[in-house]
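Beneath this line is the structure, given in structure tokens, with notes to follow.
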Amino acid sequence: MVIPVKYHFIRMLENRVNKEILKQHLVNETFSRKTLSFYRYVNIENPVEFRNSLFGKWAELNCFGRIYVAREGINAQMSVPEHNLEAFLQQLDSIPGLPGMPIKYALVDDGKSFYKLTIKVRPKIVADGLDHDSYDLSKVGNHLSAIEFHELAEKPETLVIDMRNHYESEIGRFENAVCPDADTFKDAIQMVVRDFESEKDRKILLYCTGGIRCEKASSFLLHNGFKDVSQLYGGIIEYAQQIKQLGLPSKFIGKNFVFDERLGETVDGQVISHCHQCGKHADTHINCANDDCHLLFIQCAECAAKYDKCCSDECKEIIRLPLETRIELRVKNHNKYLGSKIYKSRLSPFLLDNKSGTEEAVFNG
């Protein structure tokens, strides 16, 4: 007997259905979904109890998404059935600590951003590697509206800094922004403090996807003696929507990276990055089809066909092997694949192993 997906969610307070079955359920849905995100730094005394309560409520509404809960607050990216959207928003308003939540809706939405509901309790809703006493979230940078950020970003004395990871800024960024070559937010926040130590009196504008990282980054910069720190309120998502409504040309060029099945949504239609395998213009991120590698990298349509959506000939050969053989290789290559997962979207093994000449094209991108 097949247990209905919704009942299974509620009974287990987690999802244990095979992902391929869940994806097929999503494909077969006859209604539309809205992709949205929100966050709030708020004290949550019992994160586990809070998490379990949310799971029961949101499973009932057939919501999908990836949500992190910690003592410091909540960070959510979700897919909500359109016919349940009003009920979801009303429910959100009724949850202690979450009334009046600013909601950001996806720029490009096919309704396929998530296929299951995952709510995890974490030490922090944004991993920063910092001690709690190294910043004070009651003291953050000035919140700038889209138009305020748009106008200030034009001024030559202003320093615009991207607080996202390198694989995000690689496909899209604000014009003339400084983009730290960081693999994680933990790295980026330390790089900014170190690299701009001598410019603490300069006017600094921070931005990220939805604003959550800039809250901590601005607070950390202020704690470290930076005098004039502002941040784009609502992040790239809010900026793109407001600038479009105002009929202004976007200063954000390229694609906005998102942490769901889409992996990106275009802002101005430009493609500013390159395929990591052949060097052609491309901005489609993909995870290597060899699940034991799972490297995140940029791949054009031609290379996707050539390499069967893998990052290298080696991985292409591995996915064709019998399961038993792949399991043996998984154990043998554990450390190698672990490295691939940590250093997302760096040069693929294909380029590192073959030195085919396209390495220069990637770096010049």
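Let's see how each residue does on (1) polar (S, T, N, Q); (2) over 20 Å from LEU36 (Cβ atoms); (3) in the same structural domain as VAL80 (by TED's automatic domain parsing):
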residue	(1), (2), (3)
GLU168	no, no, no
GLU197	no, yes, no
THR209	yes, no, no
ARG213	no, no, no
GLY234	no, no, no
ILE237	no, no, no
LYS251	no, yes, no
THR266	yes, no, no
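Mind listing just one residue for me: the one in the stretch 16-37 that is within 21 Å of TYR68 (Cβ to Cβ) and in contact with a helix residue (DSSP H, G or I) (Cβ under 8 Å, 6 or more places away or on another chain) and, of those, modelled with the lowest pLDDT?
Step by step, filter the stretch 16-37, then rank; the result is ARG16.
When ALA188, ALA182 are checked against the criterion of being in a loop (DSSP other than H, G, I, E, B) and buried (at least 18 other Cβ atoms within 10 Å of the Cβ), ALA182 stands alone in meeting it. Screening VAL193 with (1) touching a helix residue (DSSP H, G or I) at 6+ places or on another chain (Cβ under 8 Å); (2) more than 30 Å from LYS116 (Cβ to Cβ); (3) surrounded by 19 or more Cβ atoms within 10 Å (Cβ to Cβ) gives one miss only, at (3).
Of all the criteria given as (1) within 25 Å of the chain's Cα centre (by Cα); (2) modelled with pLDDT of 90 or more, the one not satisfied by ILE319 is (1).
As a summary of the residue check, LEU13 satisfies the conditions (1) modelled with pLDDT of 95 or more; (2) on the phi > 0 side of the Ramachandran plot except for the one numbered (1). For LEU107, indicate whether it is at pLDDT 95 or above and surrounded by 17 or more Cβ atoms within 10 Å (Cβ to Cβ). No, not satisfied. When the criteria are applied in full, VAL258 meets the requirement of being under 30 Å from HIS132 (Cβ atoms) and not assigned by TED's automatic domain parsing to the domain that holds ILE189.
Hey, could you check the stretch 133-161 for residues that are among the charged types (D, E, K, R) and part of a helix (DSSP H, G or I) and say which is farthest from VAL42 (Cα to Cα)?
Restricting to residues being among the charged types (D, E, K, R) and part of a helix (DSSP H, G or I), the top hit is GLU151.
The values are calculated or read from the model by the stated rules, or taken from the named source; none is laboratory data. For clarity, every value in this text was computed on a predicted model and none was experimentally measured. As a convention, Cβ positions derive from the backbone with ideal geometry for all residues, glycine included, and neighbour counts pool all protein chains shown.
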